Amino acid sequence: MEHSQRARCIHCRADVVVPDSYAQGDHIKCGSCGTKHKIVRGEVLRLVIADATPLRDALQANRTMVERLEADARKARGSFGLGINGLGLALIYVLWQVGQKDRLVSVDLALEALGVAIASGIFLEVANYLFLAKRQKLSRLADEIADAKKESRLLEQKIREAGKV
Ligand SMILES: [Zn+2]
């Protein structure tokens, strides 16, 4: 009976049985997912992807995604300024209201002050909410970018390994 070793499929991580008659660089298919591999007989038996074209395509798609995410992140960061402008406007509004108060009788003054408090309070709440939403969006984008870059590095590594055999 022919001896064999087992190696992991690069694609689905299933065990692939590699008979000893298969030499370095021979092609073998994964029984689970059908991915074609080349055999690397180093210190340990390894499999690398036989046809790197789908990996290159995936890498290209991945890089495009990273670019798109980074553009989204730049846009999200750029719009941070709006919140600050909003706060500036709220301050100007309050100062303007305070300036008006001197000319008003006391009941009107109280109503005005109440109106300012409510209006600016709501405004600040909304600005704060938008600021938080943006920060969350930025942190989510940063996570997605990190994941996509990691995926790119893994693909690059697989392509490099496939090229060596
Ligand atoms: Zn497989």
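So what's the range 15-74 giving for Rg/Rh, alpha carbon basis, Kirkwood Rh from the mean inverse pair distance?
Computed over Cα atoms, the ratio is 1.22.
Among residues other than Ala61 whose Cβ falls under 13 Å from its Cβ, what is the net charge (Lys/Arg +1, Asp/Glu -1)?
Here the charged neighbours net out to 0.
Going by Cα centres, the range 131-145 and the range 1-53 are how many Å apart?
41 Å
Give the long-range amide H neighbours of His37: residues separated by 5 or more places, or on another chain, with amide H under 5 Å away, using H modelled in the peptide plane at 1.01 Å from N.
Amide H neighbours of His37: Ile28, Lys29, Cys30, Ala50.
How much length, in nm to one decimal, is gained on full extension between Arg160 and Ala146, taken as 0.36 nm per residue of separation minus their Cα-Cα distance?
That works out to 2.9 nm of additional length.
For Lys29, give me every one of the lysines with a C-alpha distance below 18 angstrom, ignoring sequence neighbours fewer than eight places off in its own chain.
Lys38, Lys158
Within 13 Å, Cβ to Cβ, of Leu138, how many net charges do the neighbouring residues add up to if Lys/Arg are +1 and Asp/Glu are -1?
The answer is +3.
Can you tell me how much longer the chain between Gln24 and Glu70 gets when fully stretched, taken as 0.36 nm per residue apart minus their C-alpha distance, in nm with one decimal?
The span from Gln24 to Glu70 would gain 12.4 nm if fully extended.
Where Rh denotes the Kirkwood radius from the mean inverse Cα pair distance, what is Rg over Rh for the range 4-50?
My calculation of the ratio gives 0.90.
Residue by residue, what Karplus-based ³J(HN,Hα) values in Hz, rounded to whole numbers, does the range 138-148 have, using 6.51, -1.76 and 1.60 with θ = phi - 60° and x for Gly and Pro?
4, 5, 5, 4, 4, 4, 5, 5, 4, 4, 5
Toward the positive end of the charge dipole of the range 1-65, about the Cα centre and with charges on Cβ (Lys, Arg +1; Asp, Glu -1), which of His27, Ala61, Val40 goes farthest?
My answer, from the dipole projection, is Ala61.
Rule-based calculations on the coordinates, nothing more; no lab input. Note that the coordinates shown come from a computational prediction; the quantities given were computed from them, not determined experimentally. Note that each Cβ is placed from the backbone with ideal geometry, even for glycine, and that neighbours are counted across all protein chains shown.
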